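Reviewing the structure listed below.
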Amino acid sequence: MCDYALGGNGFPLTGGTLSNSGLLCDTDLYFNLGDHEQDLASCMDLGSGSNTASYGPVWSAEKGAGCPFDDPAEYGLGPHGPCGVCPMQFPSMEFNYLGYGNALGLNSGAAGSATNYMQIYVR
């Protein structure tokens with residue numbers, strides 16, 4: 001979803017010690033984000049061929065193009081959006097970054113080592 005007004009208006013953190021630091025724009029949790037670029041005129045939505053959009057839970061962070069929602073696939077738990085220039089391999093590919101851990105520099109384990117993982121409890 002490409003909506004800049006969502007910045008700071010996700011599902012708020014209600015417990016835990018996560019803080020707005022590192023590359024995090026805020027501590028809210030969002031779902032299904034397109035890649036927002038700093039110029040506010042371009043956003044690569046989930047179906048646009050961008051491999052930096054993300055399905056599922058994601059945190060708002062920035063990777064060089066500013067806040068909010070820059071390259072959300074790097075800060076989410078779901079698969080990347082469809083990539084217009086490569087085979088649809090992302091849903092089965094393991095990456096060495098995960099969720100807010102990537103924005104805070106906490107992901108240190110190698111892919112396949114079960115070092116970086118996140119558990120979500122929903123009721």
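Read the figures in this text as sums done on the coordinates, not as results from a lab. Only a predicted model underlies this, so the values are computations on that prediction, with no experimental measurement involved. Cβ coordinates were reconstructed from backbone atoms using ideal geometry, including for glycine residues, and neighbour counts include every protein chain displayed.
Sorted by mean Cβ packing within 10 Å, highest first, what order do the peptides 9-17, 60-68 take? Could the numbers behind the result be given before it?
Values: 9-17: 10.0, 60-68: 18.2.
Listed from highest to lowest mean packing, they are 60-68, 9-17.
Between residue 18 and residue 5, 0.36 nm times their residue separation minus their Cα-Cα distance comes to what?
Details: separation 13, 0.36 × 13 = 4.68 nm, distance 2.24 nm.
Extra length available between residue 18 and residue 5 comes to 2.4 nm.
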- Task: Work out, step by step, the length gained on full extension between residue 31 and residue 113: first 0.36 nm times the residue separation, then minus their alpha carbon distance; give nm to one decimal.
- Result: 26.9 nm
